[in-house]
Every structure is written in C-alpha cells, then in structure tokens.
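What follows is a single structure, written as structure tokens, with notes after it.
The values are calculated or read from the model by the stated rules, or taken from the named source; none is laboratory data. The structure presented is a predicted model; accordingly, all values stated were derived computationally and were not measured. Cβ sites come from the backbone with ideal geometry, for glycine too, and all protein chains shown count toward neighbours. When the accessible area is computed, the model is the full protein with side chains, heavy atoms only, and any ligands, DNA or RNA have been set aside. Shrake-Rupley method; radii C 1.70, N 1.55, O 1.52, S 1.80 Å.
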Amino acid sequence: VGQCIETLFADRLEEFYSVLAHHYTQAEDWEKAQAYLFQAADQAGSLAADAEALQHYQQALAAYERVFGDRWEPLQRAMLERKMGEALFRRGDFEAAAKSLRQAITRLDKSFPETRWGIRISIAKELITQIGHRLFPRWFISKVEETDAVTAELARIGEMMAWIDYTLDQEHSLLDLLWLLNFSEHKGLMFGIANGCSGVGIIFDVIGVHSVARYYHQLAVSMAEKTRSPLNIGLTYFGLTLHEFYLGHL
C-alpha cells in the first residue's frame with residue numbers, strides 16, 4: 001500500500017506522510033517508517049499539532065531502535081530530542097522540555113552546570129568572555145561562518161533552552177544566552193549572534209540596565225538583517241519592542 005501511494009501521488013507526497021508512516025510501520029519496513037514518521041512529525045509541529053508531533057517522534061525513536069539498537073548517530077539523536085523538546089515546550093510541559101533539550105546538548109558533548117553556584121560561576125566566565133568579545137573583537141569573533149550541522153544544531157538547542165529556562169530559571173536562562181552569543185560569535189554564526197544578542201538585551205531590560213540592553217538589541221537587529229531570515233528579523237524587532245516598552249516609549 002505504501003509503495004502504491006508513493007507511485008500514485010509522487011508529486012504531492014507531503015499530503016500522505018502520516019498514512020505512509022502508518023503503512024511502513026505495519027509492514028515493518030523500519031527505515032522507511034522512520035523517515036516518514038520524522039516528516040509527519042515535522043509537518044505536525046509546523047501546524048502546532050504538538051500532541052501528534054510528539055507521537056510521531058516517539059514512534060520514529062522506536063523505529064530507529066528496532067533497526068540500529070542503541071547505535072545512534074549523535075547528531076541525529078540530538079536533533080530528535082531537540083524537536084521533542086520544542087513540541088513539549090509549545091504544549092506547556094516545560095520540565096519535560098528542559099530535560100529533553102539537556103539530553104540533546106549532551107549528545108553533542110556540551111553540558112551545563114545544574115547547581116546554583118555552578119550556574120553563577122559559569123555566568124561569570126561567560127560574562128568575562130563576552131567582555132573580551134566586545135573589547136577585542138578581532139581576537140575572538142570569527143569573520144567566517146562555520147555552518148557545519150553540529151555547530152548549527154548546538155546553537156538551535158541553546159536558543160531553545162534559553163526560552164524554556166526564562167520560564168523555569170532566569171539565572172540559567174542568562175547562562176544559556178551568554179553561552180549562545182559567545183559560541184555563535186566564535187563560530188561566526190549569524191542567526192545565533194542575532195538571537196543571542198536579542199535575548200541578552202531582554203535580560204538586561206528585565207534587571208533595569210537599559211543602556212546596555214539597547215546596545216544589544218540594536219546589534220541583534222543589525223545581525224538579523226544580514227541573515228535575511230524573516231523569523232530572525234521578526235524576533236529581534238520583538239526584543240527591541242520590549243525594550244521600548246520597558247522604557248515607557250509606547
């Protein structure tokens with residue numbers, strides 16, 4: 001049945017991802033089942049059908065394990081756990097989302113401290129690094145964008161962690177954002193720089209250091225414009241809007 005659908009509707013398969021995932025799962029063709037489950041889950045997530053997306057991701061996880069056992073390729077596992085974390089976040093299950101994202105970033109050999117003093121010490125280190133970036137940009141900020149898949153995935157996970165931790169633990173959110181900004185500047189990753197600057201600007205607005213916040217919001221907008229990504233541009237202008245709101249400039 002799956003092969004028949006692929007043949008008859010080859011020019012619009014996206015309409016049949018869920019059906020194809022079902023049939024290839026029933027046929028125990030696990031590689032095709034996993035591929036269509038991922039596509040169906042991504043499609044559901046883009047439509048905000050997050051319960052359906054999570055179900056498809058979990059089924060994809062089971063399909064992969066049937067074929068490869070625990071021999072996961074770290075990047076693919078991290079991407080799956082990040083997408084599951086995003087779906088959980090959109091459903092409002094912040095604790096489970098945070099756990100999924102922490103697992104994802106660990107797959108790529110990066111971890112964050114969990115103790116209160118560990119978080120604060122790491123914030124201090126990232127702040128010192130960020131000051132170095134601002135004072136001596138030629139020494140620390142890359143002029144060449146490193147767009148390998150692991151670098152981009154680490155930045156996406158860091159950005160999502162910051163959103164979730166803003167709700168759960170704002171100190172940890174500050175650490176996430178400073179790390180995202182420093183990491184992205186070191187790698188020359190424009191979307192990470194834009195989103196990191198915007199997030200850091202929001203944190204400075206929250207604690208009342210508005211002059212520093214404005215510097216970061218303006219830098220965020222300028223970086224986002226270079227990406228030509230409507231999403232990045234929109235998010236950074238949203239941050240700048242919040243800044244004006246905090247100042248009472250309605």
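Evaluate the following for ALA51: is it out of contact with any Phe, Trp or Tyr (no Cβ under 6 Å at 6 or more places or on another chain) and touching a residue at least 40 places away in the same chain (Cβ under 8 Å)? So ALA51 passes the test.
Being at negative phi, open to solvent by 40 Å² or more (accessible area, probe 1.4 Å) and without any contact (Cβ under 8 Å) to a residue 40 or more places away in the chain holds for only one residue in SER229, SER184, SER173, SER222, and it is SER222.
Within region 132-160, restricting attention to residues that are acidic (Asp, Glu) and more than 17 Å from ALA220 (Cα to Cα), the residue that is surrounded by the fewest Cβ atoms within 10 Å (Cβ to Cβ) is ASP148. Among the helices (runs of 4 or more DSSP H) confined to region 1-91, the ones with at least 1 residues that are under 26 Å from ARG102 (Cβ atoms) and open to solvent by 50 Å² or more (accessible area, probe 1.4 Å) are located at 30-46, 50-68, 74-91.
With (1) of a type outside the set (Lys, Arg); (2) farther than 18 Å from MET160 by Cα; (3) open to solvent by 60 Å² or more (accessible area, probe 1.4 Å); (4) in contact with a helix residue (DSSP H, G or I) (Cβ under 8 Å, 6 or more places away or on another chain) as the list, and SER111 as the residue in question, which single condition is left unmet? Of (1) of a type outside the set (Lys, Arg); (2) farther than 18 Å from MET160 by Cα; (3) open to solvent by 60 Å² or more (accessible area, probe 1.4 Å); (4) in contact with a helix residue (DSSP H, G or I) (Cβ under 8 Å, 6 or more places away or on another chain), only one is false for SER111: (2). Being touching a residue at least 60 places away in the same chain (Cβ under 8 Å), assigned to a helix (DSSP H, G or I) and within 22 Å of the chain's Cα centre (by Cα) is a condition met by at least one residue of region 99-111. Number of residues in region 92-102 that are open to solvent by 40 Å² or more (accessible area, probe 1.4 Å) and under 14 Å from GLU153 (Cα atoms) equals 1.
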